[in-house]
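The values are calculated or read from the model by the stated rules, or taken from the named source; none is laboratory data. Remember, it's a predicted structure, so these values are computed and weren't measured experimentally. Reconstructed Cβ throughout: ideal geometry from the backbone, glycine too, with neighbour counts over all protein chains shown. Just the protein is used for accessible areas: all its heavy atoms, side chains included, with ligands, DNA and RNA removed. Shrake-Rupley method; radii C 1.70, N 1.55, O 1.52, S 1.80 Å.
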Amino acid sequence: MSDQQLIGLLEKYLQGNCTEDERTALESWYEKYRSVQMPDSGHTEPDLLQMYQHITDRLKKEGEWQEPQVAVVRHIKQRWWQIAAAVVLLVAGAGIWMLLPRADRQLALDTKEGIRKKVLLEDGTQVWLNVSSHLTYPANIGSGQREVYLEGEAFFAVAKKDQHPFVIHTTDLNVQVLGTRFNVKAYEGDGSIETTLVEGRVAVSRNGNSLVLEPGEKAILKKKTRVTNEMVVNGRIVDWGDVLLIVEKVVPNVSSQKVSELLWMDDRLEFKDKSFPELVRLMSRWYNRKIILTDTFPADYKFKGTFKKETITEALTALQITADFNYTVKGDTIYIHH
């Protein structure tokens, strides 16, 4: 397991975002470690927070620590040995990480639900991260390879370096540029990946297929089963085997002169032709609230709207004008029903 995987997996574990397979792998690994390294330790609970703070303090002094956006939970109800697996993994991972040359180290940026941020990378590239996003990039990005990994959504203003192209990797699509401004949206569970080009040129690619976008174009990668003819209005379709790439022209908003795909950078939530499940995912990320659909709604329920300073309840009340639904607020959870 690489240092990037170690740090990434630990981060997911501490935030409670591990999959069952990842959690099982960690627990199995720790059981083997304890039986060999600590056969007589029993189940005495260690001071995990003190160990965690000691490690992070050391990394901060080295200048290699990015403060996490999600705080470490101090009252952990899980079995201590499950969490111990993650902490021991951090000790091992940090040891390997500090021995690696700087070119092989990876840094990470995160945003929580409801939080957006702007950062400047060492190579001069500006990045705006939307809510619930994760960006991994090399520590030597200012002088070496410029390949980053994105989960979520981000706008990039890439510093031009002809000898070092800038490449963004997502789950199913890669975007390569030399110097340009563009948006990439690749949230897990959304069913599509979007790239919107503002200026310059980018090449989107997947499994040996490639296409160059021109300014004012948006590429949408979708599984064939998710695409219908009615979804393609002003654009063209490129067949890439098991997926289709839809290329559309984007039109700037009249008032802001920005395309709708970029309005999130102005703290504006805009959407159109969104089904109820799609709208729930979008609003959950934007407002950092848990929203649950308790009923099945007709497939022809489609929503359009723009919100800026409205609270989530104000937004839902406004949407009730166009659709027949009710909602109930219980604590931090919102239940939507007929």
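Have a look at 311, 306, 317 and point out the one that is open to solvent by 60 Å² or more (accessible area, probe 1.4 Å) and more than 13 Å from residue 269 (Cα to Cα). Spell out how you get there, then give the answer.
Working: 311 fails: more than 13 Å from residue 269 (Cα to Cα); 306 fails: more than 13 Å from residue 269 (Cα to Cα).
Checking each option against the conditions leaves just 317.
Of the residues that sit in the range 106-125 and are hydrophobic (A, V, I, L, M, F, W, C) and not in a strand (DSSP E or B), which one is nearest to residue 151 (Cα to Cα)?
Let us first name the residues in the range 106-125 that are hydrophobic (A, V, I, L, M, F, W, C), namely 107-109, 115, 119-121.
If we keep only those that are not in a strand (DSSP E or B) as well, we get 115, 121.
Values: 115: 15, 121: 17 Å.
Only one residue tops the list, namely 115.
Given the residues 300, 273, which is the only one that is open to solvent by 70 Å² or more (accessible area, probe 1.4 Å) and in a loop (DSSP other than H, G, I, E, B)? If you could, list the steps in order and put the result at the bottom.
Numbers: 273 fails: in a loop (DSSP other than H, G, I, E, B).
After ruling out the rest, the residue left standing is 300.
For the range 188-220, how many residues are surrounded by fewer than 18 Cβ atoms within 10 Å (Cβ to Cβ), part of a strand (DSSP E or B) and of a type in the set (Lys, Arg)?
The qualifying residues number 0.
Where residues in the range 321-338 are at pLDDT 90 or above and not β-branched (Val, Ile, Thr), which of them is least open to solvent (accessible area, probe 1.4 Å)?
325
So, in the range 221-241, of the ones that are farther than 24 Å from residue 285 by Cβ, outside any strand (DSSP E or B) and open to solvent by less than 80 Å² (accessible area, probe 1.4 Å), which residue ends up modelled with the lowest pLDDT? Outline the logic, then answer.
Applying the first criterion (farther than 24 Å from residue 285 by Cβ) to the range 221-241 yields 224-225, 228-230, 232-241.
Now restrict to residues that are outside any strand (DSSP E or B): 224-225, 228-230, 232-234, 241.
Within this subset, residues satisfying the condition of being open to solvent by less than 80 Å² (accessible area, probe 1.4 Å) are 228, 232, 241.
Details: 228: 51, 232: 61, 241: 88.
Checking each candidate, the answer is 228.
Filter the range 149-187 for residues that are in a loop (DSSP other than H, G, I, E, B) and open to solvent by less than 40 Å² (accessible area, probe 1.4 Å) and give the result. Lay out the reasoning, then the answer.
So in the range 149-187, the residues in a loop (DSSP other than H, G, I, E, B) come out as 158-165, 170-173, 178-180, 187.
Of everything in the range 149-187, those that are in a loop (DSSP other than H, G, I, E, B) and open to solvent by less than 40 Å² (accessible area, probe 1.4 Å) turn out to be 158, 159, 170, 173, 179, 180, 187.
What pairs can you find where one residue is in the range 109-125 and open to solvent by 70 Å² or more (accessible area, probe 1.4 Å), the other is among the aromatic types (Phe, Trp, Tyr), and their Cβ atoms are less than 6 Å apart, with a gap of 6+ or different chains?
So the pair list comes out as 118/128.
How many of the residues making up the range 244-272 are at positive phi and at pLDDT 80 or above? Let's see the steps before the verdict.
The initial filter retains those residues of the range 244-272 that are at positive phi, namely 257, 267.
Filter once more, keeping what is at pLDDT 80 or above: 267.
Total satisfying the criteria: 1.
I'd like the full set of residues that are modelled with pLDDT of 90 or more and surrounded by fewer than 19 Cβ atoms within 10 Å (Cβ to Cβ), limited to the range 135-148.
Once the filter is applied, which keeps residues that are modelled with pLDDT of 90 or more and surrounded by fewer than 19 Cβ atoms within 10 Å (Cβ to Cβ), the range 135-148 yields 136, 147.
Mind checking which pairs have a first residue in the range 180-208 that is among the acidic types (Asp, Glu) and a second that is outside any strand (DSSP E or B), Cβ under 8 Å, 6 or more apart or different chains?
188/171; 190/278; 190/281; 194/261; 199/180; 199/215
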